[in-house]
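**Q** Below is a structure I'd like to ask you about.
The values are calculated or read from the model by the stated rules, or taken from the named source; none is laboratory data. All figures in this text were calculated on a predicted structure; none of them were measured in a lab. Cβ coordinates were reconstructed from backbone atoms using ideal geometry, including for glycine residues, and neighbour counts include every protein chain displayed. Areas reflect the complete protein model, heavy atoms only, side chains present, ligands, DNA and RNA absent. Shrake-Rupley method; radii C 1.70, N 1.55, O 1.52, S 1.80 Å.
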Amino acid sequence: MTHQRKRIEIVVEAVRAAEVTDLLDRLGATGWTQLPVLAGRGRQGVRRGGDLSGVLDNVVIICICGATVAERVIEAREELLGARPAIVNITDCQVLRAEHF
Amino acid sequence: MTHQRKRIEIVVEAVRAAEVTDLLDRLGATGWTQLPVLAGRGRQGVRRGGDLSGVLDNVVIICICGATVAERVIEAREELLGARPAIVNITDCQVLRAEHF
Amino acid sequence: MTHQRKRIEIVVEAVRAAEVTDLLDRLGATGWTQLPVLAGRGRQGVRRGGDLSGVLDNVVIICICGATVAERVIEAREELLGARPAIVNITDCQVLRAEHF
Amino acid sequence: MSSFLSLIPPPVMFFALGFGAGAVRAELSVPEALARSLSLYLMVAIGLKGGAALAMPGASEGLWAALTAGILLSFLLPLPAFLLLRLGTKLDRETAAAVSGHYGSVSVVTFAAASGTLVTLGVPQEGFMPAVLAVMETPAILTALLLARLGGGGDAPKLNARKLAREVLLNGPVVLLMGSFLIGYLAGEPGRRQLAPFTEALFPGALCLFLLEMGLMAVRQLRAGGKGLPVALIGFGILMPLIGGAAGLVTGQFIGLSTGGVALFAVLAGSASYIAVPAAMRLALPRADAGIYVTLSVAISFPFNILVGIPLWIRLAGVGT
Amino acid sequence: MSSFLSLIPPPVMFFALGFGAGAVRAELSVPEALARSLSLYLMVAIGLKGGAALAMPGASEGLWAALTAGILLSFLLPLPAFLLLRLGTKLDRETAAAVSGHYGSVSVVTFAAASGTLVTLGVPQEGFMPAVLAVMETPAILTALLLARLGGGGDAPKLNARKLAREVLLNGPVVLLMGSFLIGYLAGEPGRRQLAPFTEALFPGALCLFLLEMGLMAVRQLRAGGKGLPVALIGFGILMPLIGGAAGLVTGQFIGLSTGGVALFAVLAGSASYIAVPAAMRLALPRADAGIYVTLSVAISFPFNILVGIPLWIRLAGVGT
Amino acid sequence: MSSFLSLIPPPVMFFALGFGAGAVRAELSVPEALARSLSLYLMVAIGLKGGAALAMPGASEGLWAALTAGILLSFLLPLPAFLLLRLGTKLDRETAAAVSGHYGSVSVVTFAAASGTLVTLGVPQEGFMPAVLAVMETPAILTALLLARLGGGGDAPKLNARKLAREVLLNGPVVLLMGSFLIGYLAGEPGRRQLAPFTEALFPGALCLFLLEMGLMAVRQLRAGGKGLPVALIGFGILMPLIGGAAGLVTGQFIGLSTGGVALFAVLAGSASYIAVPAAMRLALPRADAGIYVTLSVAISFPFNILVGIPLWIRLAGVGT
Ligand SMILES: Nc1ncnc2c1ncn2[C@@H]1O[C@H](COP(=O)(O)O)[C@@H](O)[C@H]1O
Ligand SMILES: Nc1ncnc2c1ncn2[C@@H]1O[C@H](COP(=O)(O)O)[C@@H](O)[C@H]1O
Ligand SMILES: Nc1ncnc2c1ncn2[C@@H]1O[C@H](COP(=O)(O)O)[C@@H](O)[C@H]1O
Ligand code: NA
Ligand code: NA
Ligand code: NA
């Protein structure tokens, strides 16, 4: 009654989020969800959003998709990494409605 | 030292989130967490929260639970889907404290 | 082309989040991301952030790390649980760039 | 040109600025919390001012007629709206019913802009108009629900009566408007004087900021939900405010309101809700398409009312003639 | 009725409106950012007004006595609170200590509401009272920590002294109040005049909006944390403001404050912190139950003080007699 | 001391308060939505006031010379900045170019603080200065991009011309400033009077709150991005405002501005952008290090300009001599 899918999670700068979601759209993802980020740490040190220009804000993008689209995302890594995401992680998941993804 | 559990993640309209959490409560989940959503795309196109009535806001609901509760959620799909969630995805996860879930 | 990593997700009070991220830093995590929480339910009942002192606000901390760091986090459970997180769940995931985690 | 443009009230110019900035995709945005805060402020200020005005001697003359007329109009206006939609567009029954509810109800900010314009023009208005605004918010919701159910067959959504009653009687704008109105009334003239810097002096500026955001929001919504919008629906979003406004104009004159009151009554009847009704419809008619009613109300009829409706009704009510 | 109700200050009526709206679960909510912004605004405005008032010739008379008395009360009031809680309720030592700290400390908004009421009544007040407010914020935190440790055995939470000192001396409200007070003092009369539209004219309106949210928040907190609340605790939440207020009243008269000053002193002593102390307790006494102290302070004692306490202390201080 | 300190305008004292509170890690924070809202408010108010001032008879004298000079300075100032950075620090070409763009452009709040100080001192200023502020926002972005590409080889980032044009012409602050300026101009004196409680009476208070947050933000940014900041870069962040300010001073005198105008022109030229330019650079020069340019602008040069620059240029422009 559930179906195997992939869950892709990407942390990326808010100002470049549209590049990532455009890419997901083009690769055939049926949708995505953007969540706000309060703060983070990575190679560039601590990032805390809220400066007035917004350039220090990050977002999390979640995309549930089939294995094929996930493959395409992995293959498009050059283009994806061009948007300089901080993290891309992919998890196996089950979904209820196969026809949606 | 860790225990096998399920992680259920649901994207749903903010105005109907209570229906989902009530259902989770009734099915025996020990808890849930709601996160805000900035924007999303799905079959209905792009949704960006922030209209004054709040009807376009979405939230993400995360629920960590045992396999039994997860089964019940899957079985209650009719009722769950009545709240019109956009996504329901379920992942395997490990938790530290078995007694909590 | 992808690499096996762990995804640790922790729900904890906002006022104690720094204790958790400091611990992650000390255990060798290369980074973490904090997301805001709207509301939640657990053993203490419903928590809805937004009181003026901020003591009822929760956050979600996500940390992608290798198996070794994840092991260390599990071993440091005493110290981690000292910060009284509500949930700690760990998932397997794939990442694109091994060198980052 | 400058002399013509200088007749446009600053809040309307800010609406145009927001709309223009959104249209050319300028990187301009207003924090959501600010928009919601300004919306609360406007309701509190309108309520307080109205209540204080009603507390003045003789100010309640004509009140009951206006309230009754407002309630009736709110109940009735969804009917022509529903007919137009069912005959002239391909909307399903439930969405058509939901949309028609928006047009029976009213828009607080359209009212605020019209009221501000009257103040600038020096045209007096009945102090109880904010109460009329408040009572017109919700009757239309009931009509919309009846329309959704009539002939809907066994498939019609189950109506949770208690939930609905709460939604209708206890929705945020109504409670806030009515509560502030009552407080303004009880506090009377001393209260008015104490709160005037907040409710009166600040009002035009706050309205400017808010209309800037409404302009941005209209474009945003047009972009997100306007793509597939059939021409017939856009036509409805322009025609219906004219029908409602005309009905309001005639009714206002019939019950004997002042010139300013007639103009405001027409503006109210012609305006469409974008806070209370969408929220109610989302819960009561979940299968109706929220994208359509939010877009029509926020992105078509609201701009039309701000730019065309308000000056039109003020003129037709007889101001300046 | 109207003439009786019209004596209630508008901010208090807005508190009632928020409480009532929350109680009937109306769909009304204030953005969190607005609540926090108004809270900042109130502290800045109170500080600036107080500082400017202190800069007036002769205004510092009685200042030191009031500061000393305020500090002492803040230190001492947790003692009866702790005793009451340990003898009359089943709270564990740590939670009892945390709760008692809230009642030694003070509530900025209760002070603001009382001060506004005095202004409306035309009763003068000492300009330095905001400084008294600021110094009363934190001594109670120390007492609470001592109470938590005394007899706590080896199990008592390790006290990180540096962290604690920072929490006590550098918590947000204290820094903001004291800083604004100092700025108001330095800027003197010219500064006061320049900032008056912001700090004075806007104050009553901002307080109305904020108390609306406090009413909503009280109900929300009552609902989330009030379910299991034993009757004895609720009783404590009403009794303790009376004890504190009475102590403040007597002390204020003893040190020779004016009628308005005595009333404010009683209000301060009777009020309970809901910003600075919860935050400090959460860090210093992590095993204390935050749900209990937030609920008691925000949802029981705050409403009681707004609705009953302020008029009571103003009357008992001798205003209007 | 008090008499010396009392000469510091309250907004600057609030900046110091925020900076100090941040430095000692007091638990003080301003909601992000409030900071962004105040920033919008300041731009709208500055624009409206400037437009209304320009609508006064004779007020446009010297306008074109000032606009031209402002545009030229914005174009040219990145050149010395870039040279200094490439010769005196180890910044890579792209980051150096990005930083230099910030210093050609301007800071709205530095302008607001300077303008407010002049008002307090009773020194008149040209009404069109907000328009100068607006036109100086963006030319520097173009220079920065040219600097990034010149000699950048094939490796230089591909310039998406359309995207860039939008970024330059349609960035939020420019649209809002220019739009409000135009609205203020069209609304003229009646509009000014109607909006004065919002744009004028509230301004000093809003500036205080905003500078409080800027002080907190400066420390926060210093802490997050300042750790690795080489001394040479910090020196640049202090030297460059002096160079820019001196250039502005001379230019302002050359084109014959009034004393107040000269001071403002120097302040503008010496200030560094922290809204428009970072956003543009992030998109146009993605490999430049955002941590460096945000930190330099917000945490080094902004405080320097507020604390040292403004009084310096006001003095050197000849005020009070
Ligand atoms: N290992 C990690 N786990 C979770 N989030 C991370 C991790 N590394 C980086 N991030 C997030 O990505 C952002 C940018 O990372 P970076 O570009 O490496 O500085 C950080 O601010 C974090 O929010
Ligand atoms: N494949 C997907 N992956 C992630 N989020 C999705 C996906 N599909 C839909 N969503 C989310 O669900 C919301 C509603 O989807 P829909 O009802 O299909 O328009 C969207 O706005 C997204 O936030
Ligand atoms: N089973 C669960 N699934 C998801 N979130 C949970 C769960 N249990 C607790 N939480 C979150 O953790 C917070 C505190 O939990 P507790 O300390 O158990 O009251 C809650 O408010 C929820 O946000
Ligand atoms: Na209508
Ligand atoms: Na007290
Ligand atoms: Na400059």
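**Q** Under a 1.4 Å probe, what is the accessible area of the range C:10-65 per residue, stated in Å²? All intermediate terms of the calculation are to be shown ahead of the outcome.
**A** Values: 1690 Å² over 56 residues.
That works out to 30 Å² for each residue.
**Q** So what's the net charge close to D:I141: Lys and Arg +1, Asp and Glu -1, counting the other residues with Cβ under 15 Å from its Cβ? Spell out each step's value before the answer.
**A** On the way: positive: D:R149, D:R162, D:K163, D:R166, D:R282; negative: D:E94, D:E137, D:E167, E:E27.
Local charge sum for D:I141: +1.
**Q** Here's a follow-up. Considering chain E as a Gaussian network with a 10 Å cut-off on Cα pairs, which listed residue, E:L146, E:L42, E:L87, attains the greatest mean-square fluctuation?
**A** So, out of E:L146, E:L42, E:L87, the one fluctuating most is E:L87.
**Q** Could you check how much of the accessible area of the protein assembly as shown is carbon and sulfur, as a whole percent, using a 1.4 Å probe?
**A** Roughly 63 percent, rounded to a whole number.
**Q** Suppose we compare each residue of the range E:7-30 in its chain alone and in the full protein complex with a 1.4 Å probe; which ones drop by at least 50 Å² of accessible area?
**A** Those are E:P10, E:M13, E:F14, E:L17, E:E27, E:L28, which lose 50 Å² or more relative to the chain on its own.
**Q** Need one number: the % of Cα-Cα pairs in the range E:55-173 sitting beyond the 25 Å mark.
**A** Values: 2390 of 7021 pairs.
Summing the P(r) of the range E:55-173 above 25 Å gives 34 percent of all pairs.
**Q** I'd like the distance between the alpha-carbon centres of the range F:61-139 and the range F:41-60, rounded to an integer number of Å.
**A** 19 Å
**Q** If the elastic network links every pair of Cα atoms under 10 Å, which of D:A16, D:A59, D:A284 fluctuates the most in the Gaussian network model of chain D?
**A** Highest fluctuation of the listed residues: D:A59.
**Q** Can you give the FRET efficiency to the nearest 0.05 for D:L72 and D:V231, using r as the Cβ-Cβ distance and R₀ = 30 Å? Walk me through the numbers on the way to the answer.
**A** Working: r = 32 Å, r/R0 = 1.06.
Step by step, r from the Cβ atoms, then E = 0.40.
**Q** Using the beta-carbon distance between C:H100 and D:E61 and R0 = 51 Å, what value does 1/(1 + (r/R0)^6) give for FRET efficiency, to the nearest 0.05? Spell out each step's value before the answer.
**A** Details: r = 74 Å, r/R0 = 1.46.
With R0 = 51 Å, the Cβ-Cβ based efficiency is 0.10.
**Q** Nearest 100 Å², what total accessible surface is buried between chain B and chain C (probe 1.4 Å)? All intermediate terms of the calculation are to be shown ahead of the outcome.
**A** Working: alone 6560 and 6540 Å², together 10980 Å².
Buried area (both sides, nearest 100 Å²): 2100 Å².
**Q** I'd like the antiparallel share, as a percent to the nearest 5, of DSSP beta bridges with both residues in the protein assembly as shown.
**A** Details: 90 of 93 bridges.
The antiparallel fraction comes to roughly 95 percent.
**Q** Label D:R162 and A:Q4 with points 7 Å out from Cα along Cα→Cβ: what is the distance between them in nm?
**A** Distance between label points: 4.7 nm.
**Q** Something else now. How many times 2.2 N^0.38 Å is the alpha carbon radius of gyration of the range C:1-76?
**A** Values: Rg = 14.1 Å, N = 76, 2.2 N^0.38 = 11.4 Å.
Working it through for the range C:1-76, the quotient is 1.23.
**Q** Could you tally the net charge around E:P78, taking each other residue with its Cβ under 15 Å from the Cβ of E:P78, Lys/Arg +1 and Asp/Glu -1? If you can, show how the numbers build up before the last one.
**A** Values: positive: E:R86, E:R93, E:R149; negative: E:E94, E:E137.
Residues close to E:P78 contribute a combined charge of +1.
**Q** When only C-alpha pairs under 8 Å and at least 6 residues apart count, what is the relative contact order of chain B, in percent? Let's see the in-between values first.
**A** On the way: 177 pairs, mean separation 51.0, N = 101.
Relative contact order for chain B comes out at 50 percent.
**Q** Can you bin the range D:176-256 into rounded, prolate or oblate? Criterion: square roots of the alpha carbon gyration tensor eigenvalues sorted a ≥ b ≥ c, rounded for a/c under 1.5, prolate for a/b above b/c, oblate for the rest.
**A** Working: a/c = 3.35, a/b = 1.55, b/c = 2.15.
Judged from the Cα gyration tensor, the range D:176-256 comes out oblate (a/c at least 1.5, b/c at or above a/b).
**Q** Mind running the shape call on the range E:213-253? Use the C-alpha gyration tensor, a ≥ b ≥ c as the square roots of the eigenvalues: rounded below 1.5 for a/c, prolate if a/b tops b/c, oblate otherwise. Before the final figure, lay out the partial values.
**A** Details: a/c = 6.44, a/b = 1.85, b/c = 3.48.
Oblate.
**Q** Report the equivalent ellipsoid semi-axes for the range E:1-109 in whole Å, largest first, defined as the square roots of five times the eigenvalues of the gyration tensor built from alpha carbon atoms. Walk me through the intermediate numbers first.
**A** Values: eigenvalues 171, 156, 50 Å².
One finds semi-axes of 29, 28, 16 Å for the range E:1-109.
**Q** Rolling a 1.4 Å sphere over the protein heavy atoms, what is the accessible area per residue of the range D:1-78, to the nearest Å²? Could the numbers behind the result be given before it?
**A** Values: 3260 Å² over 78 residues.
For the range D:1-78, the solvent-accessible area averages 42 Å² per residue.
**Q** Continuing with this model, one more query. To the nearest hundred square angstrom, how large is the accessible surface buried between D and E, total for both chains, probe 1.4 angstrom?
**A** Working: alone 14270 and 14270 Å², together 26350 Å².
Its buried surface, counting both partners, is about 2200 Å².
**Q** Suppose a student asked you for the relative contact order of the range A:37-92, using Cα pairs under 8 Å spaced at least 6 residues apart; what percent would you report?
**A** Numbers: 30 pairs, mean separation 11.8, N = 56.
Over the range A:37-92, the number comes to 21 percent.
**Q** Separate question: Return the value, in Å² to the nearest 100, of accessible area buried between chains E and C (probe 1.4 Å, both sides summed).
**A** 1500 Å²
**Q** A further question follows. With equal scatterers on the alpha carbons only and no solvent term, can you work out the Debye log10 of I(q)/I(0) for the protein assembly as shown at 0.04, 0.05 1/Å?
**A** -0.22, -0.35
**Q** Then there is this: Of the residues F:G205, F:G309, F:G225, which exhibits the maximal mean-square fluctuation in a Gaussian network model of chain F defined by a 10 Å Cα contact cut-off?
**A** Among F:G205, F:G309, F:G225, the largest GNM mean-square fluctuation belongs to F:G205.
**Q** Follow-up question, since we're still on this one. Would you calculate the separation in nanometres between label points at F:V250 and B:R26, each defined as 7 Å from the Cα along the Cα-to-beta-carbon direction?
**A** In this crude label model, F:V250 to B:R26 measures out at 7.9 nm.
**Q** Largest first, how would B:I8, C:I87 line up by accessible area (1.4 Å probe)?
**A** Details: B:I8 0, C:I87 25 Å².
Ranking B:I8, C:I87 by accessible area, largest first, yields C:I87, B:I8.
**Q** Using the alpha-carbon centroid of each, what span in Å lies between the range F:13-37 and the range C:45-101?
**A** Each part reduced to its Cα centre gives a spacing of 28 Å.
**Q** For labels at E:R315 and D:R223 in the simple 7 Å Cα→Cβ model, what's the distance in nm?
**A** Here the answer is 5.9 nm between the modelled labels.
**Q** Leaving out same-chain residues fewer than 8 places away, which lysines sit with a Cα under 28 Å from that of B:K6?
**A** The reachable lysines, counting only those whose Cα sits under 28 Å from B:K6, are A:K6, C:K6.
**Q** Give me the accessible area of F:T120, 1.4 Å probe, in Å² rounded to the nearest 10.
**A** Using a 1.4 Å probe on the heavy atoms, I get roughly 80 Å².
**Q** Please work out the average accessible area per residue across the range E:79-211, using the 1.4 Å probe convention, and give it in Å². Spell out each step's value before the answer.
**A** On the way: 4760 Å² over 133 residues.
I get 36 Å² per residue for the range E:79-211.
**Q** Using the Kirkwood radius over C-alpha pairs as Rh, can you work out the diffusion coefficient of the range D:227-292 via Stokes-Einstein at 20 °C, viscosity 1.002 mPa s, in µm² per second? List each step's numbers first, then the result.
**A** Numbers: Rh = 13.5 Å.
Roughly 158 µm²/s, to the nearest whole number.
**Q** Need the per-residue list for the range D:272-299: every residue with at least 10 Å² less accessible surface in the complex of protein chains than in the chain by itself, probe 1.4 Å, sorted by number.
**A** Buried-area filter returns D:Y274, D:I275, D:P278, D:A279, D:R282, D:L283, D:P286, D:R287, D:A290, D:V294.
**Q** Continuing with this model, one more query. Assuming R0 = 30 Å, what is the FRET efficiency of F:E189 and F:L121, from their Cβ-Cβ distance, to the nearest 0.05? All intermediate terms of the calculation are to be shown ahead of the outcome.
**A** Working: r = 25 Å, r/R0 = 0.82.
Efficiency, rounded to the nearest 0.05: 0.75.
**Q** Additional query: Given Cα pairs under 8 Å that are at least 6 residues apart, what percent is the relative contact order of the range F:96-197?
**A** Relative contact order, the range F:96-197: 33 percent.
**Q** Can you give the net charge of the other residues whose Cβ lies under 12 Å from the Cβ of D:G18, counting K and R as +1 and D and E as -1?
**A** Details: positive: D:R220; negative: D:E213.
Computed value for this residue: 0.
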